[in-house]
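Participant: To start, I am sharing the structure in question, which I have written as structure tokens.
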Amino acid sequence: MGQIAEILRDAVRFRIVPNAPRHSGPTLRALTADPLACRIAIVEFDDQGVCFDRSVLRDVDAALADLDGASPVILVFVHGWKHDAAAEDGNLASFTSLLQDVAAAEKGGAARPVLGVFASWRGLSRSGNWVWEQSSFWDRQQAAQRVAAGSARELLGRLKAFRNGPSGDKNAPRATLIVVGHSFGGLIVYAALAQSLIEAAASEGAVVPSFGDLVLLVNPAFSAISYLPIHQIVAERQSGADQLPVFVSVTARNDWATGLAFPVGNVTRLLTEAWRGPAQRKALIRTMGHVPWMRTHALSTGDPAGAGPGAARLPFRALAFPGMPQQFGNVTVTREAGSPAGPFWVASATKPIIDGHNGIFTANFEMFVRALVLAHLAASRLR
């Protein structure tokens, strides 16, 4: 009877999550015995995109100063819908684990210190019964747009400035910088870095973005029309086909939030905005992962023909050709036939890799992310 009563109580609960910091404890802490080997900083933004406590930004600057000259690895994660910086949040726990794995892989004589930055915002505004909680999707889309235009840009700008050094030379970085955004966190990351991505896509020869080494978006929740300029540039120029990706967007095939809720919530744009042709119409209300002609790669598990034990050691230029898959841990990456070659990937993922909108930290996807990160770190040692 107690369980039934609890279920009934949950069904009629309608709570508003306060617009307040969710993290308790130190905002900068070590994750290893050596305090400089691996640390995490937690930066929280309010519903208007303003940093709750600017002293945390100064802590990040101090942490960067400690690592000057050590060629550090900087990993940034911006969470999405339903998440925050509470100690029990699954995204925070998984990101912490990823940082420790990267630090463990860096052990040795030339080990590089690792700094993780968890950028948090009010990812869930309503809690209680299931319907009430799900209805926060559209409200959080608007909030993410505000956060994207706020202090998050300052945070990423500080990290970019440290990476490129006083001279601002993106070709001689003093750190490896990787930025990850999930769901509406992908919207925040993309909005902040879109200009740099467009400039990188339009560059001649090898693509060297000014923002960092890699942007990884997982189930990104923003209109594909925002990515259309990059898609067109990459299709025309096909620069950097033989280099590691600098931009990777991965969307689960069974992600109902971006596949169904997003277009339903944005269908009014077809009435309020001008668009040309069916391609723009679809890109206006769908995310890039659900626009078939934008997809460049497919992520799957197993060992298809052409892969195998040696596939992981193939040069990455092999991904420029359809039908030549490559292994990232247990994940096989195959370029779609007819898609443009280049370091800008828009990929789909099967359920064993990403399960729905929030099932992003599966063992397979964590393996893929680790392999992608480690590939970039190995490449950075050759610079």
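Participant: If you go through the range 330-345 one residue at a time, how many are polar (S, T, N, Q) and touching a helix residue (DSSP H, G or I) at 6+ places or on another chain (Cβ under 6 Å)?
Facilitator: 1
Participant: Report whether or not residue 287 is at pLDDT 95 or above and within 20 Å of the chain's Cα centre (by Cα). Step through it out loud before you land on a result.
Facilitator: Values: at pLDDT 95 or above: yes; within 20 Å of the chain's Cα centre (by Cα): yes.
Judged against the criteria, residue 287 is a match.
Participant: Let me ask another. Where in the range 176-278 are the helices (runs of 4 or more DSSP H), entirely inside, with at least 2 residues that are farther than 26 Å from residue 78 by Cα? Steps first, please.
Facilitator: Working: elements: 184-201, 228-237, 262-266, 269-272.
Correct list: 228-237, 269-272.
Participant: Going by the structure shown, is residue 249 touching a Phe, Trp or Tyr at 6+ places or on another chain (Cβ under 9 Å), at positive phi and buried (at least 19 other Cβ atoms within 10 Å of the Cβ)?
Facilitator: Here the answer is no, as residue 249 does not meet what is asked.
Participant: Within the range 328-364, can you find the residues that are crowded, with 24+ Cβ neighbours inside 10 Å and either modelled with pLDDT under 85 or assigned to a helix (DSSP H, G or I) (or both)?
Facilitator: The answer is 342, and nothing else.
Participant: Checking residue 39 against (1) part of a loop (DSSP other than H, G, I, E, B); (2) touching a residue at least 24 places away in the same chain (Cβ under 8 Å), only one condition comes out false. Which one?
Facilitator: The failed condition is (1).
Participant: Sticking with this one: Of these, 89, 61, which one is more than 30 Å from residue 172 (Cβ to Cβ) and either of a type in the set (Asp, Glu) or in contact with a Cys (Cβ under 8 Å, 6 or more places away or on another chain) (or both)?
Facilitator: After applying the criteria, what remains is 89.
Participant: Follow-up question, since we're still on this one. Which number in (1) in contact (Cβ under 8 Å) with a residue 60 or more places away in the chain; (2) at positive phi; (3) not acidic (Asp, Glu) marks the one condition that residue 277 misses?
Facilitator: Checking residue 277 against (1) in contact (Cβ under 8 Å) with a residue 60 or more places away in the chain; (2) at positive phi; (3) not acidic (Asp, Glu), the one that fails is (1).
Participant: Then there is this: So how many residues does the range 135-172 have that are farther than 17 Å from residue 191 by Cβ, part of a helix (DSSP H, G or I) and without any contact (Cβ under 8 Å) to a residue 40 or more places away in the chain?
Facilitator: Number satisfying all stated conditions: 2.
Participant: Residues being in contact (Cβ under 8 Å) with a residue 60 or more places away in the chain, more than 21 Å from residue 353 (Cα to Cα) and surrounded by fewer than 13 Cβ atoms within 10 Å (Cβ to Cβ): count how many of those fall in the range 254-274.
Facilitator: 0
Participant: I've got another one for you. Say we look at the range 154-203 and pick out the residues that are within 26 Å of residue 124 (Cα to Cα) and hydroxyl-bearing (Ser, Thr, Tyr); which of these is surrounded by the fewest Cβ atoms within 10 Å (Cβ to Cβ)?
Facilitator: Looking at residues that are within 26 Å of residue 124 (Cα to Cα) and hydroxyl-bearing (Ser, Thr, Tyr), I get 190.
Participant: Let me ask something additional. Can we say residue 18 is modelled with pLDDT of 90 or more, out of contact with any Cys (no Cβ under 7 Å at 6 or more places or on another chain), closer than 30 Å to residue 129 by Cβ and surrounded by fewer than 12 Cβ atoms within 10 Å (Cβ to Cβ)?
Facilitator: yes
Participant: Among the listed residues 32, 27, which satisfies the condition of being over 22 Å from residue 368 (Cβ atoms), of a type in the set (Val, Ile, Thr) and free of Cβ contacts under 8 Å to residues at least 60 places away in the same chain?
Facilitator: Going through 32, 27 in turn, just one is over 22 Å from residue 368 (Cβ atoms), of a type in the set (Val, Ile, Thr) and free of Cβ contacts under 8 Å to residues at least 60 places away in the same chain: 27.
Participant: Further question: For the range 204-223, give me each residue that is crowded, with 24+ Cβ neighbours inside 10 Å and closer than 24 Å to residue 275 by Cα.
Facilitator: Matches in the range 204-223: 220, 221, 222.
Participant: For residue 61, state whether it is modelled with pLDDT under 95, acidic (Asp, Glu) and not in a strand (DSSP E or B). Steps first, answer last, please.
Facilitator: On the way: modelled with pLDDT under 95: no; acidic (Asp, Glu): yes; not in a strand (DSSP E or B): yes.
No: the conditions fail for residue 61.
Participant: Can you say whether residue 75 is within 27 Å of residue 107 (Cα to Cα), in contact with a helix residue (DSSP H, G or I) (Cβ under 9 Å, 6 or more places away or on another chain) and not polar (S, T, N, Q), as far as the supplied structure shows? Don't jump to the end; show me each part of the working.
Facilitator: Values: within 27 Å of residue 107 (Cα to Cα): yes; in contact with a helix residue (DSSP H, G or I) (Cβ under 9 Å, 6 or more places away or on another chain): yes; not polar (S, T, N, Q): yes.
The answer is yes for residue 75.
Participant: Something else: In the range 97-112, is there at least one residue being in a loop (DSSP other than H, G, I, E, B), at pLDDT 95 or above and surrounded by 17 or more Cβ atoms within 10 Å (Cβ to Cβ)?
Facilitator: no
The values are calculated or read from the model by the stated rules, or taken from the named source; none is laboratory data. All figures in this text were calculated on a predicted structure; none of them were measured in a lab. Cβ atoms come from the backbone with ideal geometry, glycine included; neighbour counts cover every protein chain shown.
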